[in-house]
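Asks: This is the structure I want to talk about, given as C-alpha cells.
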Amino acid sequence: MYKVVKFGGSSLASAEQFRKVGDIVRADDARRFVVPSAPGKRFSADTKVTDMLYGCYALAEAGKEFGTELRAIQGRYWEIVEGLGVQLDINKEFEVIKNNFENRAGSNYAASRGEYLNGLIMAAYLGYEFIDAAEVIFFDENGEFDADKTQKVLSSRLEKCHSAVVPGFYGSMPDGTVKTFSRGGSDITGSIVAKAIRADVYENWTDVSGFMVADPRIIDNPEVIETITYRELRELAYMGATVLHEEAIFPVRQQGIPINIRNTNAPDDNGTWIVESTCQKSKYVITGIAGKKGFCSINIEKDRMNSEIGFGRKVLQAFEENGISFEHVPSGIDTMTVFVHQDEFMHKEQKVVAGLHRYTNPDTIDIESDLALIAVVGRGMKSTRGTAGRIFSALAHNNVNVKMIDQGSSELNIIIGVENDDFEVAIRAIYDIFVVTKL
C-alpha cells in the first residue's frame with residue numbers, strides 16, 4: 001500500500017511541529033512519499049517564510065541591501081535544524097540562494113526556496129531520499145503545468161526509490177528556471193505525486209480536522225464533514241471553502257484516488273474523506289455551506305425576450321468584451337440577471353451598460369450592488385423533498401431578504417443571493433435548520 005502525505009505550513013513551522021510530523025509518518029509504513037510546504041506561522045503575529053522570501057527578494061531585485069532579511073529566514077531554518085538535531089549544512093544552501101538573489105533569479109525561484117529547504121530538512125530527519133521538484137515537475141513554454149511530461153518522468157523516478165521527499169509548490173520551465181504554482185500549490189504537488197505512483201490514499205495534513213460544514217469564523221465549532229465527493233468539494237471550494245487548493249482535485253480524480261484531510265495536531269481524528277462517488281449517506285441533508293460577499297447584479301428586462309434567438313449570447317458579449325466573467329445568470333420570461341464580482345465591474349459598469357443597449361436594446365437595466373452569494377451543497381438534497389422550502393423558511397424567520405435563488409439541474413447545489421449585511425445571518429440560519437435543529 002502506498003500513501004502520499006502532504007504537510008501544510010503550520011504543520012512544519014517549528015522543530016516541535018516537525019517532530020509531530022515525524023511521528024505521523026513513522027506510525028504507518030505505507031506513508032512513503034512526503035510533500036512538505038514551507039514553514040508557516042509559529043504564532044498568530046508571526047510571518048510565513050514564503051512571505052519573508054518574497055519580501056527579501058523584492059529588496060534584492062530593487063538593488064537594495066537584503067542581508068538582514070535573508071539572515072532572518074536562515075534563522076528560522078537553523079531553529080528547526082538544531083531543534084531536530086539533524087546533520088545538515090544549510091549555510092551552503094543560503095550562500096547559493098544569496099548569489100541567485102543577487103543575480104535576479106526571479107520571484108518564483110525565491111518563493112520556492114521555502115519548500116526546497118523544508119524538503120531537505122524533512123529528508124534528513126526521516127532518512128528518506130530527497131528529490132528536487134524542479135527535476136520531476138514541469139511547466140510548458142506558456143507556464144502551464146505539463147501533466148504528460150511530469151507523469152512520465154516523476155513516475156519513473158519514484159519507481160526506483162523506496163521512500164522520498166518531494167518539495168511542494170514548484171517545478172521547472174523548459175529552460176530550467178523555477179516556476180511555482182499559485183499560493184497553496186503544495187496541495188497540487190501532493191496530488192501529482194499521488195497520481196504518479198498510483199497511491200491508495202493521498203493524505204493532506206493541516207491544522208484542522210477536515211472540512212467543516214460551514215465557516216468556523218461564522219459558526220462556532222461547526223460539524224466536520226465525514227465524506228464529500230469531488231463534485232461537492234468543487235462547488236464549496238469555488239464559493240470560498242479553502243482547506244484544500246481546488247486544483248489539487250484533478251490529478252487524483254483521474255485515478256480515483258481518495259483524499260483524506262487530517263489534523264497534524266490531532267492525528268487520531270478521522271478527518272474528511274474526499275471521494276469520487278459514495279453510497280454513504282450524508283449525516284445531514286446538506287454536505288456544506290459556503291459563500292462570498294462583494295457581488296452585484298445587472299438585471300436586463302425586455303418584452304418577449306424569450307422569443308429572441310441569441311439574446312443571452314448578446315447579453316454576455318457585453319461583459320466578455322470588457323473582460324468581466326459572470327458568476328450566475330438566472331432568468332425569467334422577460335428578464336435576465338447577471339451576477340458579477342463588484343470590484344471587477346464597478347470601474348467598467350457604464351461601458352457594459354452601453355454594450356447591453358447596443359446589442360440587446362432592452363426596456364430597462366437595473367443594477368444592485370453589495371450582494372453576497374451562498375452555496376448550499378449536498379448530494380442528499382436530490383432525494384429529499386422540500387430542501388429549498390426549508391431554506392426559504394429559515395431565511396424568512398431571520399428576516400433575510402432573498403435576492404436570487406438558482407438550482408442546478410444536478411440538484412447538487414442551491415445558490416442564494418442576499419445582501420452583504422445579511423450574509424452571516426443567512427449562513428447561521430441555514431446551518432441551524434439543517435444541522436442543529438434538523439427541522
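The values are calculated or read from the model by the stated rules, or taken from the named source; none is laboratory data. Since the model is a prediction, treat every value here as computed from it, not as a measurement. Every residue, glycine as well, gets a Cβ built from its backbone with ideal geometry; the counts of neighbours run over all protein chains shown. Surface areas here come from the heavy atoms of the whole protein model, side chains and all, with no ligands, DNA or RNA. Shrake-Rupley method; radii C 1.70, N 1.55, O 1.52, S 1.80 Å.
Asks: Could you order Val436, Val86, Val21 so the one with the most accessible surface comes first? Probe is 1.4 Å.
Replies: Val436, Val86, Val21
Asks: Given the Cα-Cα distance of Lys351 and Ile365 and 0.36 nm per residue of separation, how much length would full extension add, in nm?
Replies: 3.7 nm
Asks: With all protein chains present and a 1.4 Å probe, how do Glu203, Glu141 order by accessible area, largest first?
Replies: Largest accessible area first, the list is Glu141, Glu203.
Asks: Quick one: 3J(HN,Hα) in Hz for segment 32-43, Karplus 6.51/-1.76/1.60 with θ = phi - 60°, rounded, Gly and Pro as x.
Replies: 9, 10, 10, 10, x, 8, 6, x, x, 7, 7, 8
Asks: Kirkwood Rh, Cα Rg: Rg to Rh for segment 127-237?
Replies: 1.04
Asks: What accessible area, in Å² to the nearest ten, does a 1.4 Å probe give for His357?
Replies: Rounded to the nearest 10, that gives 90 Å².
Asks: Just by accessible area at a 1.4 angstrom probe, what is the order of Phe392, Phe138 from largest to smallest? Mind dumping the intermediate values first?
Replies: Working: Phe392 85, Phe138 25 Å².
The ranking, largest first, comes out as Phe392, Phe138.
Asks: Go through segment 307-352 and name the chymotrypsin sites (Phe, Trp or Tyr not before Pro) that are in a DSSP coil and have 10 or fewer other Cβ atoms within 10 Å of their Cβ.
Replies: Sites meeting the loop and neighbour criteria: none at all.
Asks: Can you work out the FRET efficiency for the pair Glu301 and Ser383, with r the C-beta to C-beta distance and R0 = 30 Å, to the nearest 0.05?
Replies: Using R0 = 30 Å, I get an efficiency of 0.25.
Asks: Could you pull out the pairs from Lys283/Lys382; Lys92/Lys195; Lys3/Lys292 whose alpha carbons sit more than 26 Å apart here?
Replies: Lys92/Lys195; Lys3/Lys292
Asks: Excluding residues fewer than 8 places away in the same chain, name every one of the lysines whose C-alpha is closer than 17 Å to that of Lys64.
Replies: Output for Lys64: Lys98.
Asks: Convert each backbone phi in segment 288-296 into a coupling constant with the Karplus relation 6.51 cos²θ - 1.76 cosθ + 1.60 (shift: θ = phi - 60°), then list the ³J(HN,Hα) values in order as whole Hz, x for Gly and Pro.
Replies: Once rounded to whole Hz, the list reads x, 10, 8, x, 9, 9, x, 10, 9.
Asks: Scan around His328 for amide H atoms under 5 Å from its own, H built in the peptide plane at 1.01 Å from N, and keep only partners 5 or more places away or cross-chain.
Replies: Phe339
Asks: Looking at segment 1-70, which chymotrypsin sites (Phe, Trp or Tyr not before Pro) are in a loop (DSSP not H, G, I, E or B) and have at most 12 other Cβ atoms within 10 Å?
Replies: Those that pass, being in a loop and sparsely packed, are Phe43.
Asks: OK, next. Within segment 197-211, whose backbone N sits under 17 Å from a point 7 Å along Cα→Cβ of Asp269?
Replies: Within reach of a label on Asp269, which here means backbone N under 17 Å from a point 7 Å along Cα→Cβ, segment 197-211 contributes 203-211.
Asks: Can you show me the helix-derived [θ] at 222 nm for the chain, built from DSSP H runs with n ≥ 4 at -39,500 (n - 2.57) apiece and divided by the number of residues, rounded to the nearest 500.
Replies: Here the helix-only value at 222 nm equals -11000 deg cm²/dmol.
Asks: On a 0 to 90° scale, report how tilted helix 107-126 is relative to the longest principal axis of the chain, with both axes built from alpha carbons and the result rounded to the nearest 10.
Replies: 60
Asks: As I understand it, the value is the acute angle between the Cα axis of helix 15-26 and the longest principal axis of the Cα atoms of the chain; what does it come to in degrees, rounded to 10?
Replies: Taking the Cα atoms of the chain, the angle to 15-26 is about 90 degrees.
Asks: Which translational diffusion coefficient, to the nearest whole µm²/s, is obtained for segment 239-327 from the Stokes-Einstein equation, given a Kirkwood hydrodynamic radius over C-alpha pairs, 20 °C and 1.002 mPa s?
Replies: Value of D from the Cα-based Kirkwood radius: 119 µm²/s.
Asks: As a test question: what accessible area, to the nearest 10 Å², does Ser107 have when a 1.4 Å probe is rolled over all protein chains in place?
Replies: About 50 Å², ignoring ligands and nucleic acids.
Asks: Assuming R0 = 22 Å, can you tell me the calculated FRET efficiency for the pair Lys292 and Arg358, based on Cβ-Cβ distance, to the nearest 0.05?
Replies: 0.10
Asks: Also, I was wondering about something else. Which value in nm describes the separation of the simple spin-label points at Phe392 and Glu82, placed 7 Å from the Cα toward the beta carbon?
Replies: Modelled inter-label distance: 6.6 nm.
Asks: Once you compute Rg and the Kirkwood Rh from C-alpha atoms, what is the Rg to Rh ratio for the chain?
Replies: 1.02
Asks: Shifting gears a bit: Which value, in Å² and to the nearest 10, is the accessible area of Lys403 when all protein chains are kept and the probe is 1.4 Å?
Replies: 70
Asks: For the Cα atoms of the chain, what angle does the longest principal axis make with the long axis of helix 311-320, in degrees from 0 to 90, nearest 10?
Replies: That works out to roughly 40 degrees.
Asks: From zero outward in steps of 5 Å, how is the percent of C-alpha pairs of segment 270-320 spread across the bins?
Replies: 4, 10, 15, 13, 8, 7, 11, 15, 13, 4, 1, 0
Asks: So, one more: Can you give the % of DSSP beta bridges in the chain that are antiparallel, to the nearest 5?
Replies: Expressed as a percentage, antiparallel bridges in the chain total about 65.
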